Amino acid sequence: MAFTKLSIGTADANASRGPISAAETDIWTIFRALRDARSVFGLRPGHIQTLQAMLSFLKPGHGETVFASNNSICQRVGGIDERTLRRHINRFVELGFIKRNDSSNRKRYRVRSSRGECISYGLSLAPLLQRASELLAIAQEMENNRRDRIFVRKQILTKLAHLEEHDPNNTFINHARRSLRRKLSLPEYHALLANTDAECQSLSAPDDPPETLKLPANDGQTVRHQSKSEEEKKDLDSKLGDEPLKPDLLTSVCDQATSFSTERLRNWLDIENHARTLAPMMGIHPETFEKAKNAVGAQKASCAIFIMLQLGKRIRDFGAYFHSITLGQRQNQFDPLALIKRLSETNERTV
């Protein structure tokens, strides 16, 4: 039977792949599958080199039995000793990849009868060829696992870079990078990705919510100002209604942002251009500003920049806060007009 095109049935575990093609049934394809899956069977590189040397003695159309002597195989492997060769062969026999057909004198040869019957004495590789489907399936599964691990690893590295950009001193980053130095399994990679996602989500939900505006502007104010009732705030919100926010009101209340402009900000276009200039100075990537502009509108995104700069140290991370109120969970809660009104009242109290 020629070894280059074998007729091998597909195992049930691999039935979904359909019939095996001629390329897959090539002996060297099967060998490469076993080479890639060697760790599953506890094989070392030396075992694979020995098998490769044995396969090289097969000739197309002359069956799947190796007739070469141990000495010839040792020389082709690269000069290993015969004890090592016997150890390797025994291991393949134990795994069911090789079958010994020994003659009475331990010689390896083939005899034929007058009627064409044949007996081959030697090292038969037929069991290896018969397990082609199994080996190909295992090798494919390992390759898929390798690609999935690389895919998840790249996701983790991308998220860690994002974290490092916003919080370079985050201890989780160093812990995650130390873990990535080891060879992790796919479940371990998924677990690390979940932890990284959780860390990113905590970054996008800052500790300084808009409600901090209810606090007094300085320590000299009495506690009476801190205990404004919810009814008063509801009355204020109801008065706002659909009242548009005027550029003059924004620039007068948010004087911190206005002070950075060398020219007067007359309209919303001037305000938007100025906000786009301020954003990188506050640690907000220009691309993030454009995404916020597309999501909530140019006016709302620009107001967010002005209001955040006015709040100053009351916001721990400008980048995370901006993402939260324009692209994150607090997007629908962000009301620039209401915040400007409250900032205006706070400024009046401190005068």
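The values are calculated or read from the model by the stated rules, or taken from the named source; none is laboratory data. Note that the structure is predicted; figures quoted are calculated from it, not measured. Quick reminder, even Gly has a Cβ in these numbers, built from the backbone with ideal geometry, and neighbours come from all protein chains shown. Side chains included, ligands, DNA and RNA excluded: accessible areas come from the protein's heavy atoms. Shrake-Rupley method; radii C 1.70, N 1.55, O 1.52, S 1.80 Å.
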Over the stretch 280-309, the set of residues of a type in the set (A, V, I, L, M, F, W, C) and over 21 Å from residue 333 (Cβ atoms) is 281
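Filter the stretch 166-188 down to residues that are part of a helix (DSSP H, G or I) and touching a residue at least 24 places away in the same chain (Cβ under 8 Å) and give me whichever is farthest from residue 321 (Cα to Cα).
Let us first name the residues in the stretch 166-188 that are part of a helix (DSSP H, G or I), namely 166, 171-180, 186-188.
With the extra rule that they be touching a residue at least 24 places away in the same chain (Cβ under 8 Å), the set shrinks to 166, 172, 180, 186.
Numbers: 166: 11, 172: 20, 180: 29, 186: 33 Å.
In this case the residue turns out to be 186.
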For the stretch 137-159, does any single residue satisfy the condition of being at pLDDT below 90 and open to solvent by less than 70 Å² (accessible area, probe 1.4 Å)? yes
I'd like the residue in the stretch 97-126 that is among the charged types (D, E, K, R) and in contact (Cβ under 8 Å) with a residue 12 or more places away in the chain and, out of all such residues, is surrounded by the most Cβ atoms within 10 Å (Cβ to Cβ). 108
Give 140, 75 a once-over and let me know the one that is over 43 Å from the mean Cα position of the chain (by Cα), farther than 30 Å from residue 202 by Cβ and either in contact (Cβ under 8 Å) with a residue 40 or more places away in the chain or in a helix (DSSP H, G or I) (or both). 75
Expected single match for part of a helix (DSSP H, G or I), among the small types (Gly, Ala, Ser), within 18 Å of residue 261 (Cα to Cα) and open to solvent by less than 10 Å² (accessible area, probe 1.4 Å) among 304, 292 is 304
State the number of residues belonging to the stretch 78-101 that are of a type outside the set (A, V, I, L, M, F, W, C) and outside any helix (DSSP H, G or I). 7
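Yes or no, residue by residue, for (1) at pLDDT below 75; (2) open to solvent by 50 Å² or more (accessible area, probe 1.4 Å); (3) on the phi > 0 side of the Ramachandran plot:
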| position | (1), (2), (3) |
| --- | --- |
| 11 | yes, no, no |
| 23 | yes, yes, no |
| 44 | no, yes, no |
| 63 | no, no, yes |
| 72 | no, no, no |
